[in-house]
Amino acid sequence: MQLTFDAADRLVELAQTRRGPVSPEDAAHVLFALERAPAALARSLLEDVVAGDARLAWLGARVGLVEQPHAETLIEGAEFVVFDLETTGLSAIRNRMCEIGAVRVRALAIEDTFETLVNPGSALPPNIAALTGIRDADLRHAPRPELAVRRFLGFAGDASLTAHNARFDMAFLEREVERLTGRRVAAPVVDTVWLARRLLQRRSERFSLAALAHFFGTSTSPCHRALPDAVATAEILVSLLGLAQERGARTLADVLELAAPRARKLHSKRSLIAGAPTGPGVYLFHDRNETVLYVGKARDLRARLRSYFSGSRQRPAVEAALGALERVEWRELGSELEAALDELRLIGELRPPANARGGRADRYAYLAQRGDRWAVVSAPGPFGPITSRNRARLVARALDGFEGDDPADGLPALRARLTRLARDLRFEDAAKVRDRLKALEEAVQRFETLDRLRATRVCVLAPAREPGFKRAFFVASGRLAAVRTLAVDGAGRIEVEAGIAEAALAKPSFAPEDADVLLLVGGFMRRPGPELRIVSLDAAEILAA
């Protein structure tokens, strides 16, 4: 379950990011979006937040983190209390806990356990009873949550709390602790989900408790009971701590950093997108040296930029860019089409390391006939571009022995060959032919799409950013021949005629850069949004649209 970070979480994150105490004015700006709050007002807004969280304290005139006494403890000497809760539902506001199980891990070994049923004060929902096997009769004489939590906290002491998907368990625990003390839990929390995500990135795609228990071969299988699940989590933790040490982690602080949830790490960077507009445009991620790490486009810049700071993980390269992010630049444009074209241009010019596609025309290849065979070449021609030389070589192998001048005509013979090989049980040969056939089919489809677009002569009209104007994109001879800005009231004949003239003079192009633009514009032409108009290269029609 994804729980919203409250003001205390955000203030803790801000202090962690700044690596020290922050002024009330800075904190009020981040937490409450106040641009220039007077110091006295800012402090009064923060008083309840700081007073209600044991992690925070006033350090003179600034607010900072209470020093964790064991942060620099070596991993092999650190103490963890791994716990699991069973609850009557998923909401910490509407539901209560019904069982607590915990395991003490000291010196990388399981040392002691704690378990208790908890009387939630209401009947268990049937689905929870079926899932856990706990019955209402079992809970009748169990301690109430307040007493059960008090006993658990006594067992835990000042050890580092650990749980699998800790935000869920901590939400219930924090609620009970707040009822008891009016404050938040001060102990640092390790989440084995996020620790596993960091340490097993290329070794496992699944990070559920059951999946990790299977991966590490724990002695106890998770079964939706608190103590067995806590034991399994403790064994997983010990294995992960060993992997963390192999990665160079030495102290509890290192482990906490590795296990910090993605959203918590990125939360402080949300201020970088404050004020982002809701219209279309492009955005650029810069690092501290102003190097552009990533370029993107959006129909709604604000919504797209906010999505990077949600709980959903991005591609590894984009995650790395977010980690190094220091500044977000955005440029408002009139339409998604214009944004997509600008994105393609910027990727080609800047070569941002986190962008996976576009702008690598130097890697493109073409097919050409050389006598009685098909060859992979760099010179632009009608059969291309194919987006990688390796893919182009696979297509050329598919055409071995084919003497025609249109690759599409080679498909029937290749399909027949695949059928024969499968019938003769020659599966290895069939697999090779299958891969070549797929590459040829994709290439032929691309060639046909480009042929159709290269024969297209149209003007695509889209809104301009400036009120009262529109953008005219003139497509002809296999390229975007001209772009003009026109008034929406029908004026601008000179601009229209200049665009049509440029389109008429445009030489046919097979260049990879023009092919990328053509395919991009073609995608918008195939599924035009309501803001687009597609008309012929006729001045009267363009002015009237």
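The values are calculated or read from the model by the stated rules, or taken from the named source; none is laboratory data. Predicted model only: the values in this text are computed from it and were never measured. With ideal geometry, Cβ positions are generated from the backbone for all residues, glycine too; neighbour counts draw on all protein chains shown.
How about the range 101-175: which helices (runs of 4 or more DSSP H) wholly inside it have at least 3 residues that are modelled with pLDDT under 95 and in contact with a strand residue (DSSP E or B) (Cβ under 6 Å, 6 or more places away or on another chain)?
none
Given (1) closer than 30 Å to P467 by Cβ; (2) buried (at least 18 other Cβ atoms within 10 Å of the Cβ); (3) modelled with pLDDT under 90, identify the lone condition not met by G279.
Going through (1) closer than 30 Å to P467 by Cβ; (2) buried (at least 18 other Cβ atoms within 10 Å of the Cβ); (3) modelled with pLDDT under 90 one by one, G279 breaks only (3).
Only one of (1) surrounded by 15 or more Cβ atoms within 10 Å (Cβ to Cβ); (2) not assigned by TED's automatic domain parsing to the domain that holds V444 is not met by E349, so which one is it?
Only one criterion in (1) surrounded by 15 or more Cβ atoms within 10 Å (Cβ to Cβ); (2) not assigned by TED's automatic domain parsing to the domain that holds V444 is unmet by E349, namely (1).
Scan the range 179-235 for residues that are of a type in the set (K, R) and at pLDDT 95 or above and report the count.
Residues meeting the conditions: 1.
Whether any residue in the range 81-99 is exposed (fewer than 14 other Cβ atoms within 10 Å of the Cβ), in the same structural domain as A259 (by TED's automatic domain parsing), more than 34 Å from the chain's Cα centre (by Cα) and outside any loop (DSSP other than H, G, I, E, B) is what I want to check.
no
Restricting attention to the range 425-437, does a residue exist that is within 22 Å of P382 (Cα to Cα) and not assigned by TED's automatic domain parsing to the domain that holds L333?
Yes: one or more hits.
Output yes when any residue across the range 212-234 is assigned by TED's automatic domain parsing to the domain that holds E338, of a type in the set (F, W, Y) and either in contact with a Lys or Arg (Cβ under 7 Å, 6 or more places away or on another chain) or in a helix (DSSP H, G or I) (or both), and no when none is.
Scanning the range 212-234 turns up no residue that is assigned by TED's automatic domain parsing to the domain that holds E338, of a type in the set (F, W, Y) and either in contact with a Lys or Arg (Cβ under 7 Å, 6 or more places away or on another chain) or in a helix (DSSP H, G or I) (or both).
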